[in-house]
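The values are calculated or read from the model by the stated rules, or taken from the named source; none is laboratory data. Bear in mind the structure is a predicted one, so any value in this text is a computation, not a measurement. Glycine also receives a Cβ, built like all others from the backbone with ideal geometry; neighbour counts cover every protein chain displayed. In case anyone asks, the SASA skips ligands and DNA or RNA and just uses the protein heavy atoms, side chains included. Shrake-Rupley method; radii C 1.70, N 1.55, O 1.52, S 1.80 Å.
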Amino acid sequence: MITHLEGEIEGIKKKIFTMTDGAIEAISNAIESLKTMDVKLAAKVIQNDTRIDKLEIQIDDDCVRTLVTQQPAASDLRLILSFIKINNDLERIADIASNIAKETIRLEGRPQIHPESDIPGMATTCINMIKTAFEAMTTKDVSMAAEIISIDREVDELNIQVYRELFTLMADNPQVMPQALGLIMVAKSLERIGDHAKNIAERVIYYIEGVDIRHEKS
Amino acid sequence: MKKIEINALNFYYNDTKAVNNVSIDVDKNTVLALIGPSGCGKSTFLRCINRMNDIIPGTRVEGDIMIDGESIYQNKYDVTSLRRKVGMVFQKSNPFPKTIYENIAYGLRINGITDKYEIEKKVESSLKATALWEEVKDRLHQSAIGFSGGQQQRLCIARTIAIQPDVILMDEPASALDPISTQKIEELIHELKNEYTIIIVTHNMQQAARVSDYTAFFYMGDLIELNKTEKIFTKPDLEMTEKYITGKFG
């Protein structure tokens, strides 16, 4: 028999997964809109962000209600505390994707530069980090979650690499400055999404092991 | 600093072992909560600490309990002085059918205090310590029977602390009380901790989390886990404890 608390947790988990799908779709569509200069797709990303914002509030309300009415302890408590923080990370990820989509709209009509950059690769890595974090949560696999933290370093390095490449392009041809600055912002945004994915992995480890590894120097 | 040392304690009701090889040290000025399902031995264990079980026929104790380094189960140990040192508060409040004043003064008198001024001082300080003074100071010579459940329980605690024990044992002291009275008792436990060492049996997990420094989880007479309360309720060491406190037991 499923207890009331288990039912509440399942309900929140479903919403968190919906939120995750929404955040991943936002990243994917934002980068696709930038690659293809599809402003309609960019507008859709911005519009969908409102849906994610509403879901964030719903999840927070559900978590508070469950804490107050069910007074969970141990792993149940850690899971709900993790949900609250992961919820915030997912909302921020969707916000950042929305900012990338705004960049597509801002760059509309300008010639594309540096199509071979690592930006799409960064986006794919970030999406995989988020997916892996949730797989680690479902399977309670700490080593899988820990792997995400090392992948974040790769995303950080890619951001620096993209920055260098675009800086060189600007130095060679100042006319591409608006596009280059836009792409630098996009790479930086993806780097921040990687940070949020890392945060999610840290919350997953906290849920599984009860250990807070935030701010640990590696 | 260790106040109570319990070493390999076994307790039997005839042939039935109710407490199985339990060892716990309790530090001075801390609150230890005992949790576990009904029949797990936690109340029996609690009553071993002031030898309340001695009066039950067919019971037997093995192992030892030391308070301030002195074995309370040694031959010729003065049980009356033990009960003075280790006070007890029960689930059901049990004030004497006397006045509020007499409820506290009685224990003082049978403990040899005859000076009226000293008794008055102790009645007042005990009632103040249990936050009852303001509520009852104008009717000290009225019967305590008309009190609410919460007031009666606080009077029983006042009666207990009047004789200045070192240790207070509480067996579900707030289980029959409304939330406001429960909160007062819990606040009182926080206050009393500065002066006394407290061991409390409770079925209310949130209460254990709120009032205690350490929590011991009992199951079928065994001590399963003893840990800091914060640890027990966030990340217990054992899966069995986790299952019990998350309600996934059995």
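Just need the relative contact order of chain B here, percent rounded to a whole number, with Cα pairs under 8 Å and 6+ apart. This gives 27 percent for chain B. With 30 Å² as the minimum drop in accessible area between chain alone and full protein complex (1.4 Å probe), the qualifying residues in the range B:228-250 are B:233, B:234, B:235, B:242, B:246, B:248.
Shown for the range B:204-218: residues covered by the partner protein chains by 50 Å² or more of accessible area relative to the chain by itself (probe radius 1.4 Å), namely B:206.
Note on B:144-151: average number of Cβ atoms from other chains within 10 Å of each residue's Cβ is 0.
Remark: chain B carries 47 Å² of accessible area per residue (probe radius 1.4 Å; ligands, DNA and RNA excluded). Specify the angular offset, from 0 to 90 degrees and rounded to the nearest 10, of the alpha carbon long axis of helix B:179-192 from the longest principal axis of the alpha carbons in chain B. Value to nearest ten degrees: 90. Database remark: amide H of residue B:218 closer than 5 angstrom to the amide H of B:35, B:36, B:224 (H placed geometrically; neighbours at sequence offset of 5 or more, or on other chains; Pro and chain starts carry no H). When the solvent-accessible area of the protein assembly as shown is split by element, carbon and sulfur atoms take up 51 percent of it, the probe being 1.4 Å. DSSP bridge analysis restricted to the protein assembly as shown gives an antiparallel fraction near 60%, rounded to the nearest 5. Residues whose amide H lies under 5 Å from that of residue B:88, counting only those 5 or more places away or on a different chain, are B:169; hydrogens are built 1.01 Å from N in the peptide plane. The 1.4 Å probe gives accessible areas that order A:114, A:215, largest first, as A:215, A:114. Rounding to the nearest 10 and keeping the result within 0 to 90°, find how far the Cα-based axis of helix B:100-110 lies from the longest principal axis of chain B. Tilt of helix B:100-110: around 70 degrees.
Buried between A and B is an accessible area of approximately 800 Å², summed over both sides with a 1.4 Å probe.
Coupling constants for the range B:2-8 follow from the phi torsions by the Karplus curve (6.51 cos²θ - 1.76 cosθ + 1.60, θ = phi - 60°), and in residue order they are 6, 9, 10, 10, 10, 10, 6 Hz; glycine and proline get x. With every protein chain left in place, what is the accessible area per residue of the range A:4-209 in square angstrom, probe 1.4 Å? Ligands and nucleic acids excluded, the figure is 46 Å² per residue.
Within the protein assembly as shown, the percentage of alpha carbon pairs spaced more than 45 angstrom apart rounds to 37%.
Just so you know, the averaged projected area of the alpha carbon convex hull for chain A sits at 12.6 nm². When shorter helices are ignored and each DSSP H run of at least 4 residues is given -39500 (n - 2.57), the per-residue value for chain A at 222 nm works out to -30500 deg cm²/dmol.
Please identify the trypsin sites (Lys or Arg not before Pro) of the range B:114-161 that satisfy two criteria: DSSP loop assignment and at most 14 other Cβ atoms within 10 Å. Which are they? The qualifying sites are B:137, B:139.
With contacts taken as Cα pairs under 8 Å and at least 6 residues apart, the range A:4-209 reaches a relative contact order of 28 percent. Using only Cα atoms, tell me the angle between helix B:149-162 and the longest principal axis of chain B; keep it within 0 to 90° and round to the nearest 10. The angle comes out near 90 degrees.
Applying a threshold of 30 Å to the alpha-carbon distances of B:2/B:42; A:35/A:85; B:17/B:184 flags A:35/A:85; B:17/B:184 as lying beyond it.
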